[in-house]
1. Sort out which residues of segment 103-126 are assigned to a helix (DSSP H, G or I) and open to solvent by 40 Å² or more (accessible area, probe 1.4 Å), and write them in order of number.
2. Is it the case that residue 40 is in contact with a Cys (Cβ under 8 Å, 6 or more places away or on another chain) and of a type in the set (S, T, N, Q)?
3. Within segment 41-65, take every residue that is in contact with an Asp or Glu (Cβ under 9 Å, 6 or more places away or on another chain) and closer than 19 Å to residue 130 by Cβ and give me the one that is most open to solvent (accessible area, probe 1.4 Å).
4. Can you tell me which residue is nearest to residue 61 (Cα to Cα) among those in segment 20-43 that are in a strand (DSSP E or B) and out of contact with any helix residue (DSSP H, G or I) (no Cβ under 7 Å at 6 or more places or on another chain)?
5. Which members of segment 55-94 meet the condition of being part of a strand (DSSP E or B) and over 12 Å from the mean Cα position of the chain (by Cα)?
6. From the list 87, 75, 32, 91, which one is open to solvent by 40 Å² or more (accessible area, probe 1.4 Å), of a type in the set (A, V, I, L, M, F, W, C) and touching a residue at least 12 places away in the same chain (Cβ under 8 Å)?
7. Out of (1) of a type in the set (A, V, I, L, M, F, W, C); (2) open to solvent by 40 Å² or more (accessible area, probe 1.4 Å); (3) at pLDDT 95 or above, what's the single condition that is false for residue 129?
8. Among the residues of segment 67-88, which ones are in contact with a helix residue (DSSP H, G or I) (Cβ under 7 Å, 6 or more places away or on another chain) and among the polar types (S, T, N, Q)?
Amino acid sequence: MSIEKEFSVDENAFLVSKTDPKGRITYCNEPFLNIVGAKQGDLLGKPHNIIRHPDMPRVVFKMLWDRVQNKEEIFAFIKNKSFNGGFYWVFGNITASLDQQDNIVGYYSVRRKPNPKAIEVIKPLYTKLLELERDGGIEASKKYLLNFFEEKSTSYDEFINNLQRF
């Protein structure tokens, strides 16, 4: 199945999903189901990476998991694939869900329409990271990304959040 057709997240939509601590989907709202082109039964109990697009660099997800497993939130631009032959971009906020004893009981993600100008900046960056991962693994893309932020005198968080606002 082709994943070439781009779908656009509605300006007012919030795509929500929750997972267990292993990343298996336990909840997803109607806007999320609609853009993925799935029914609850297609997704519940499945690993969230069932919608991971092959254009996504692994280093982005490594950073994401490192942060949320440390109970820190993260924002990210993510390209996902849908079940109906396309893909869509989101600006996501991912956090750990905690119980009363501060233990991680799952993860919570709220995604919305990304700034189109930001995606034009992110696309070539992700292409470069993927190229580096093919040649030198995730360590090569991580090194590049750290140098990228250092050269821009910014942090990952500042860069990502400024892109969404720009």
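1. Once the filter is applied, which keeps residues that are assigned to a helix (DSSP H, G or I) and open to solvent by 40 Å² or more (accessible area, probe 1.4 Å), segment 103-126 yields 116, 117, 120, 121, 123, 124.
2. Answer is yes for this residue.
3. Going through the qualifying residues, I end up with 58.
4. 24
5. Correct list: 86, 87.
6. 75
7. So the condition that residue 129 fails would be (2).
8. Within segment 67-88, 80, 82 meet the criteria.
The values are calculated or read from the model by the stated rules, or taken from the named source; none is laboratory data. Just so you know, these numbers come straight off a predicted model, no measurement behind them. Note: ideal-geometry Cβ built from the backbone for every residue, glycine included; neighbour counts use all protein chains shown. Each accessible area value is taken on the protein alone, full model and side chains, heavy atoms only, with ligands, DNA and RNA left out. Shrake-Rupley method; radii C 1.70, N 1.55, O 1.52, S 1.80 Å.
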